[in-house]
Amino acid sequence: MENYKSVLKRLEKTAKQYTNIAPENGQFLSILIRSIQAQNVLEVGTSNGYSTIWIAAALKETGGRLITLEFDPRRAEEAQTHLQEVGLDSIVEVRVGNALDEIPKCNATFDLVFLDAEKNEYRRYLELVLPNIRPGGLIVADDTVTMRDEMPDYIEFVFDTPLLHSVDIPLDDGIILSYKTEE
Ligand SMILES: C[S@@+](CC[C@H](N)C(=O)[O-])C[C@H]1O[C@@H](n2cnc3c(N)ncnc32)[C@H](O)[C@@H]1O
(Lines give C-alpha, C1' and ligand atoms only; values in the text may rest on other atoms or scores of the structure.)
Protein backbone atom coordinates (compact mmCIF):
# COMPACT_ATOMS: atom_id res chain seq x y z
CA MET A 1 0.00 0.00 0.00
CA GLU A 2 2.88 2.35 0.74
CA ASN A 3 3.31 3.51 -2.87
CA TYR A 4 -0.32 4.53 -3.24
CA LYS A 5 -0.77 6.32 0.06
CA SER A 6 0.25 9.81 -1.07
CA VAL A 7 -2.20 9.75 -3.99
CA LEU A 8 -4.98 8.37 -1.75
CA LYS A 9 -4.25 11.12 0.79
CA ARG A 10 -4.48 13.77 -1.92
CA LEU A 11 -7.78 12.39 -3.21
CA GLU A 12 -9.19 12.36 0.34
CA LYS A 13 -9.23 16.17 0.20
CA THR A 14 -11.99 16.05 -2.45
CA ALA A 15 -13.76 12.95 -1.09
CA LYS A 16 -17.09 14.71 -0.54
CA GLN A 17 -17.20 16.13 -4.07
CA TYR A 18 -16.54 12.69 -5.60
CA THR A 19 -18.56 10.78 -2.95
CA ASN A 20 -15.62 8.50 -2.25
CA ILE A 21 -15.65 5.78 0.38
CA ALA A 22 -13.91 6.42 3.69
CA PRO A 23 -10.29 5.22 4.08
CA GLU A 24 -11.39 2.57 6.59
CA ASN A 25 -13.78 1.12 4.03
CA GLY A 26 -10.91 1.04 1.54
CA GLN A 27 -8.83 -0.81 4.09
CA PHE A 28 -11.73 -3.21 4.71
CA LEU A 29 -11.98 -4.01 0.97
CA SER A 30 -8.22 -4.41 0.78
CA ILE A 31 -8.17 -6.89 3.68
CA LEU A 32 -11.04 -8.92 2.17
CA ILE A 33 -9.39 -9.09 -1.26
CA ARG A 34 -6.05 -10.20 0.18
CA SER A 35 -7.71 -12.66 2.60
CA ILE A 36 -9.58 -14.52 -0.13
CA GLN A 37 -6.73 -14.06 -2.64
CA ALA A 38 -9.24 -12.58 -5.08
CA GLN A 39 -8.39 -12.87 -8.77
CA ASN A 40 -11.37 -11.13 -10.34
CA VAL A 41 -13.19 -8.17 -8.83
CA LEU A 42 -16.03 -6.02 -10.19
CA GLU A 43 -16.64 -2.48 -8.95
CA VAL A 44 -19.92 -0.74 -9.78
CA GLY A 45 -19.38 3.04 -9.42
CA THR A 46 -15.82 4.22 -10.08
CA SER A 47 -16.12 8.00 -9.63
CA ASN A 48 -12.56 9.42 -9.75
CA GLY A 49 -11.01 6.08 -8.83
CA TYR A 50 -10.37 6.45 -5.09
CA SER A 51 -11.89 3.10 -4.07
CA THR A 52 -10.55 1.69 -7.34
CA ILE A 53 -6.99 2.39 -6.17
CA TRP A 54 -7.61 0.61 -2.83
CA ILE A 55 -9.02 -2.42 -4.66
CA ALA A 56 -6.37 -2.47 -7.39
CA ALA A 57 -3.52 -2.11 -4.89
CA ALA A 58 -4.77 -5.22 -3.08
CA LEU A 59 -5.17 -7.05 -6.39
CA LYS A 60 -1.60 -6.18 -7.31
CA GLU A 61 -0.59 -8.35 -4.34
CA THR A 62 -2.90 -11.25 -5.26
CA GLY A 63 -2.13 -11.11 -8.98
CA GLY A 64 -5.76 -10.32 -9.75
CA ARG A 65 -7.67 -7.97 -12.04
CA LEU A 66 -10.46 -5.42 -11.70
CA ILE A 67 -13.29 -4.29 -13.96
CA THR A 68 -14.80 -0.99 -12.80
CA LEU A 69 -17.95 0.60 -14.24
CA GLU A 70 -18.72 4.32 -14.48
CA PHE A 71 -21.27 6.08 -16.66
CA ASP A 72 -19.79 9.59 -16.37
CA PRO A 73 -17.00 9.77 -19.00
CA ARG A 74 -15.23 12.66 -17.24
CA ARG A 75 -15.05 10.80 -13.96
CA ALA A 76 -13.92 7.65 -15.74
CA GLU A 77 -11.14 9.65 -17.38
CA GLU A 78 -10.05 11.08 -14.02
CA ALA A 79 -10.00 7.57 -12.58
CA GLN A 80 -7.85 6.38 -15.49
CA THR A 81 -5.41 9.26 -14.91
CA HIS A 82 -5.12 8.41 -11.19
CA LEU A 83 -4.59 4.72 -11.94
CA GLN A 84 -1.81 5.61 -14.37
CA GLU A 85 -0.27 7.89 -11.76
CA VAL A 86 0.01 5.00 -9.27
CA GLY A 87 0.99 2.46 -11.94
CA LEU A 88 -2.10 0.27 -11.50
CA ASP A 89 -3.74 0.93 -14.87
CA SER A 90 -2.53 -2.36 -16.38
CA ILE A 91 -4.64 -4.46 -13.99
CA VAL A 92 -7.78 -2.31 -14.16
CA GLU A 93 -10.29 -2.01 -16.98
CA VAL A 94 -12.37 1.15 -16.61
CA ARG A 95 -15.55 0.62 -18.64
CA VAL A 96 -17.64 3.67 -19.44
CA GLY A 97 -21.35 2.93 -19.55
CA ASN A 98 -24.45 2.20 -17.55
CA ALA A 99 -23.76 -0.68 -15.17
CA LEU A 100 -27.17 -2.16 -16.00
CA ASP A 101 -25.96 -2.60 -19.60
CA GLU A 102 -22.33 -3.38 -18.81
CA ILE A 103 -22.73 -6.06 -16.11
CA PRO A 104 -24.32 -8.61 -18.47
CA LYS A 105 -21.34 -8.12 -20.85
CA CYS A 106 -18.81 -9.19 -18.17
CA ASN A 107 -17.74 -12.79 -18.79
CA ALA A 108 -15.48 -13.20 -15.76
CA THR A 109 -16.30 -15.22 -12.65
CA PHE A 110 -15.96 -12.77 -9.78
CA ASP A 111 -14.51 -13.45 -6.33
CA LEU A 112 -15.73 -10.11 -5.02
CA VAL A 113 -18.17 -7.44 -6.19
CA PHE A 114 -18.25 -3.92 -4.75
CA LEU A 115 -21.48 -1.95 -5.17
CA ASP A 116 -21.24 1.84 -4.86
CA ALA A 117 -23.37 3.43 -7.61
CA GLU A 118 -27.13 4.22 -7.50
CA LYS A 119 -28.53 2.93 -4.21
CA ASN A 120 -31.97 2.14 -5.62
CA GLU A 121 -30.31 -0.01 -8.31
CA TYR A 122 -28.20 -2.17 -5.97
CA ARG A 123 -30.63 -5.08 -6.20
CA ARG A 124 -30.66 -4.97 -9.99
CA TYR A 125 -26.84 -4.86 -10.12
CA LEU A 126 -26.65 -7.84 -7.78
CA GLU A 127 -29.27 -9.88 -9.60
CA LEU A 128 -27.44 -9.27 -12.89
CA VAL A 129 -24.01 -10.26 -11.54
CA LEU A 130 -25.01 -13.02 -9.09
CA PRO A 131 -24.67 -15.91 -11.60
CA ASN A 132 -21.10 -14.70 -12.24
CA ILE A 133 -20.05 -14.69 -8.58
CA ARG A 134 -18.35 -17.90 -7.53
CA PRO A 135 -19.67 -19.91 -4.58
CA GLY A 136 -17.78 -18.51 -1.60
CA GLY A 137 -17.56 -15.14 -3.32
CA LEU A 138 -18.28 -11.87 -1.53
CA ILE A 139 -20.49 -8.85 -2.20
CA VAL A 140 -19.75 -5.56 -0.46
CA ALA A 141 -22.39 -2.81 -0.63
CA ASP A 142 -21.56 0.71 0.58
CA ASP A 143 -23.75 3.40 2.23
CA THR A 144 -26.07 0.81 3.76
CA VAL A 145 -26.63 2.80 6.96
CA THR A 146 -26.81 6.38 5.68
CA MET A 147 -28.82 5.58 2.51
CA ARG A 148 -30.69 2.49 3.68
CA ASP A 149 -34.08 4.05 2.85
CA GLU A 150 -33.10 4.03 -0.83
CA MET A 151 -32.42 0.30 -0.99
CA PRO A 152 -35.31 -1.58 0.71
CA ASP A 153 -35.40 -4.18 -2.07
CA TYR A 154 -31.65 -4.82 -1.72
CA ILE A 155 -31.92 -5.20 2.06
CA GLU A 156 -34.78 -7.67 1.66
CA PHE A 157 -32.93 -9.64 -1.00
CA VAL A 158 -29.57 -10.03 0.76
CA PHE A 159 -31.12 -10.96 4.11
CA ASP A 160 -33.91 -13.24 2.80
CA THR A 161 -32.24 -15.16 -0.04
CA PRO A 162 -30.95 -18.54 1.23
CA LEU A 163 -28.14 -18.26 -1.33
CA LEU A 164 -26.63 -15.34 0.59
CA HIS A 165 -25.38 -14.94 4.15
CA SER A 166 -25.27 -11.23 5.00
CA VAL A 167 -24.19 -9.01 7.86
CA ASP A 168 -24.48 -5.29 8.56
CA ILE A 169 -21.16 -3.65 9.39
CA PRO A 170 -21.38 -0.11 10.81
CA LEU A 171 -18.16 1.12 9.23
CA ASP A 172 -18.42 4.83 8.23
CA ASP A 173 -21.59 5.10 6.05
CA GLY A 174 -22.27 1.40 6.56
CA ILE A 175 -21.47 -1.76 4.65
CA ILE A 176 -23.39 -4.95 4.07
CA LEU A 177 -21.06 -7.88 3.50
CA SER A 178 -22.68 -10.87 1.80
CA TYR A 179 -21.28 -14.35 1.19
CA LYS A 180 -22.58 -16.46 -1.68
CA THR A 181 -23.09 -20.03 -0.49
CA GLU A 182 -22.62 -23.20 -2.50
CA GLU A 183 -25.69 -23.52 -4.78
C1 LIG B 1 -20.60 7.00 -4.79
S2 LIG B 1 -19.83 7.30 -6.32
C3 LIG B 1 -18.57 6.05 -6.37
C4 LIG B 1 -17.42 6.35 -5.47
C5 LIG B 1 -16.27 5.42 -5.63
N6 LIG B 1 -16.65 4.04 -5.46
C7 LIG B 1 -15.19 5.75 -4.60
O8 LIG B 1 -15.38 5.41 -3.43
O9 LIG B 1 -14.19 6.35 -4.99
C10 LIG B 1 -21.00 6.62 -7.45
C11 LIG B 1 -20.58 6.69 -8.90
O12 LIG B 1 -21.42 5.79 -9.63
C13 LIG B 1 -21.72 6.36 -10.88
N14 LIG B 1 -22.96 5.72 -11.34
C15 LIG B 1 -24.22 5.92 -10.86
N16 LIG B 1 -25.09 5.12 -11.49
C17 LIG B 1 -24.37 4.38 -12.37
C18 LIG B 1 -24.72 3.39 -13.32
N19 LIG B 1 -25.98 2.96 -13.47
N20 LIG B 1 -23.74 2.85 -14.07
C21 LIG B 1 -22.45 3.26 -13.94
N22 LIG B 1 -22.06 4.21 -13.05
C23 LIG B 1 -23.02 4.76 -12.29
C24 LIG B 1 -21.81 7.86 -10.63
O25 LIG B 1 -21.55 8.59 -11.81
C26 LIG B 1 -20.75 8.06 -9.53
O27 LIG B 1 -19.52 8.50 -10.08
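Brief remarks follow.
- Residue match in the range 89-111 (condition: crowded, with 16+ Cβ neighbours inside 10 Å, of a type in the set (S, T, N, Q) and near the ligand (Cβ under 9 Å from one of its atoms)): no
- Residues being closer than 21 Å to P131 by Cα, part of a strand (DSSP E or B) and not β-branched (V, I, T) - total across the range 146-183: 7
- Of all residues making up the range 33-56, the number that are more than 7 Å from the ligand (Cβ to nearest atom) and on the phi > 0 side of the Ramachandran plot: 1
- Under the condition of being under 21 Å from Q17 (Cβ atoms) and assigned to a loop (DSSP other than H, G, I, E, B), the residues counted in the range 54-106 number 3.
- Residue satisfying condition, being touching a His at 6+ places or on another chain (Cβ under 9 Å) and either more than 14 Å from the ligand (Cβ to nearest atom) or at pLDDT below 95 (or both), within set S166, S178: S178
- Scanning the range 118-142 for residues that are assigned to a helix (DSSP H, G or I) and touching a strand residue (DSSP E or B) at 6+ places or on another chain (Cβ under 8 Å) yields a count of 6.
- Filter result for I31 (modelled with pLDDT of 95 or more, under 23 Å from L164 (Cα atoms) and among the β-branched types (V, I, T)): yes
- Identity of the residue in the range 143-176, in contact (Cβ under 8 Å) with a residue 40 or more places away in the chain and touching a strand residue (DSSP E or B) at 6+ places or on another chain (Cβ under 6 Å), that ends up nearest to A38 (Cα to Cα): I175
- Filter result for the condition that a residue is over 26 Å from T109 (Cα atoms), surrounded by fewer than 24 Cβ atoms within 10 Å (Cβ to Cβ) and away from the ligand (no atom under 13 Å from the Cβ), over K16, K9, K60: K9
The values are calculated or read from the model by the stated rules, or taken from the named source; none is laboratory data. No experiment lies behind these values; they were computed from the predicted model shown. In this analysis, Cβ positions are derived from the backbone assuming ideal geometry, glycine residues included, and neighbour counts consider all displayed protein chains.
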